[in-house]
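The values are calculated or read from the model by the stated rules, or taken from the named source; none is laboratory data. Not measured: the values here are computed from a predicted model. Neighbour counts are summed over all protein chains in view; Cβ atoms, including those assigned to glycine, are modelled from backbone coordinates with ideal geometry. Note: accessible area is taken over every heavy atom of the protein model, side chains too, but ligands, DNA and RNA are not part of it. Shrake-Rupley method; radii C 1.70, N 1.55, O 1.52, S 1.80 Å.
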Amino acid sequence: MNLLIIAPCLLSPFYVYRGAKEKEYETAKLLRELIGELDENWQVLAYPCPEYELIGWPRAPASREVYERLGMHERAKVIADFIGRVLTEEKPEKIVFVGVKGSPTCGVFHTSSSNPDNYPYRAMQEFFYLSKEERLGRSKEIVEEQNFRLVNLPGILFEILMARFPEGTYIEFDKDEVEGSIEELRNVLNQE
C-alpha cells in the first residue's frame, strides 16, 4: 500500500480560514479528479486541520509566529502522533505528504511570517460573526496591516512531520499555481 497524506483544506475548501474562494474550489476539484485516477494501491489520509482544531472556523488570517503564541505546537504534535500511528499500523511502502504553500501550519517549504506583537488577536473571535463577504474584506486588511511575508521555512505541523518522517516525499501545493502543482503531484504519485 502507498499513502497520500494531504492537507484537508486542499480537498474540502471550507476549512480555509476566511472561507473558500475560486482558487480553493478549483484546487479541490482537480485534486479529487487526480485522486480518482489512482490505482487500488493508494490510500488517502486527510488529517484534521490544525488551525480548525485550535481556533475553529471561520478565523482571521495569522502567521506562523501568531500560531506559535496561540499554542499550535501542542495541537500539531497531536496530529503528527495520529499520522505516526497510521504509518506504524499500515506500514505503507510509499508516503507522499502534501502541504499548502504559505500556510502557517501546513506549509512545506514556505510559510507566512509576521510580528506577533502587533497582531489583533481579538480578530480571531470577531471573524465568527462576520459574513463571508465581510471576512474576505477583513482578511485582506489584516494581511496588509500585518505585513505578512512568505519565508523559506516549513509551517508548524510540517516542521514536525519532516523531522519525524524523513522517508516521506514532501510536495508543496501552490493554490496560485494550481495546474503546475497538480502536474508535480501527478508525477510523484506515478513514480514507482
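Miscellaneous remarks
- Measuring between alpha carbons in the structure, the pairs from Lys140/Lys175; Lys21/Lys101; Lys91/Lys175; Lys29/Lys91 lying more than 24 angstrom apart are Lys91/Lys175; Lys29/Lys91.
- Result for the chain in a Gaussian network model with C-alpha springs under 10 Å: among Leu11, Leu54, Leu157, the largest mean-square fluctuation is at Leu54.
- Ranked by how many other beta carbons lie within 10 Å on average, peptides 177-183, 100-106, 167-173 from highest: 100-106, 167-173, 177-183
- Each residue of the stretch 118-130 was assigned a 3J(HN,Hα) from its phi angle through the Karplus curve 6.51 cos²θ - 1.76 cosθ + 1.60 (θ = phi - 60°); the sequence is 9, 6, x, 4, 4, 4, 4, 6, 4, 4, 4, 9, 8 Hz, with glycine and proline shown as x.
- Mean residue ellipticity at 222 nm, helices only, the chain: -14500 deg cm²/dmol; runs of at least 4 DSSP H residues each add -39,500 (n - 2.57), and the sum is divided by the number of residues.
- Antiparallel beta bridges, as assigned by DSSP with both residues in the chain, represent about 15 percent of the total such bridges.
- Remark: the chain carries 50 Å² of accessible area per residue (probe radius 1.4 Å; ligands, DNA and RNA excluded).
- For the stretch 18-35, 3J(HN,Hα) computed residue by residue from phi via the Karplus equation (6.51, -1.76, 1.60; θ = phi - 60°) reads 9, x, 6, 10, 4, 5, 6, 5, 5, 4, 4, 4, 5, 5, 4, 4, 5, 4 Hz, glycine and proline entered as x.
- With every protein chain in place, the chain: carbon and sulfur % of accessible area (1.4 Å): 48 percent
- For the stretch 161-166, 3J(HN,Hα) per residue [Karplus equation, 6.51 cos²θ - 1.76 cosθ + 1.60, θ = phi - 60°, Hz, x = Gly/Pro]: 4, 5, 6, 7, 10, x
- Amide H contacts of Ile5 (H built 1.01 Å from N, under 5 Å, at least 5 apart or other chain): Leu45, Val96, Phe97, Val98
- Taking a ≥ b ≥ c as the square roots of the eigenvalues of the Cα gyration tensor, an a/c ratio of 1.5 or more together with a/b larger than b/c marks the stretch 59-192 as prolate.
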